[in-house]
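Only one structure is covered here, and it is reproduced in the block below.
Rule-based calculations on the coordinates, nothing more; no lab input. What you see is a predicted model, and the numbers here were worked out from it, not measured in a lab. No Cβ is skipped: glycine too gets one built from the backbone with ideal geometry, and neighbour counts run over all protein chains shown.
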């Protein structure tokens, strides 16, 4: 079984109504996952294995497992490539998936939407210069000698 979690070092995410917004702080890109992609992200990052997530999605949306496998394997590859999630080597506790029944059942092919329009601003943010030993803002070595 394969388990994945959000890249906790470089990614911040927020849930909104049927949408996840995730920001990769290392690249400055932000992403939107809506509808079926939202459901996939939530199931996967809350501790379901990839295989269990596919089974749940197939049952929930009433789609053939082969369609679900194809669509969500492609999405998983995009999430890993964009460093939004990472493989987890430890089995996580069995999550409570009861929230699944409160979502719309309409199926749409999952998409990862990538936005780069704020990349310069996000990468310029001085929070990237934080050093736990020095504090914020981190002074350059030349400034520290003064």
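Would you mind pulling out the separation of the Cα centroids of region 73-115 and region 29-66, in Å?
Between the Cα centres of region 73-115 and region 29-66 lies a distance of 5 Å.
Rounded to a whole number of µm²/s, how large is the Stokes-Einstein D of region 1-84 at 25 °C and 0.890 mPa s, given Rh as the Kirkwood radius over C-alpha pairs?
Details: Rh = 13.0 Å.
Approximately 188 µm²/s, per Stokes-Einstein.
Roughly how many nanometres apart are two label points built 7 Å out from the Cα toward the Cβ at residue 55 and residue 99?
With each label point 7 Å from Cα toward Cβ, the separation is 2.2 nm.
May I ask you to order 30-36, 111-117 by the average number of other C-beta atoms within 10 Å around their residues, highest value first? The partial results should precede the final answer.
Values: 30-36: 20.7, 111-117: 13.6.
Result, highest mean Cβ count within 10 Å first: 30-36, 111-117.
Residue separation times 0.36 nm, minus the C-alpha to C-alpha distance between residue 90 and residue 16: what's the value? Kindly include the intermediate steps, with their values, before the conclusion.
Numbers: separation 74, 0.36 × 74 = 26.64 nm, distance 2.80 nm.
The residue 90-residue 16 span can extend by a further 23.8 nm.
Can you pull the one-decimal nm distance between simple spin-label points at residue 117 and residue 5, each 7 Å off the Cα toward Cβ?
The two pseudo-label positions are separated by 3.4 nm.
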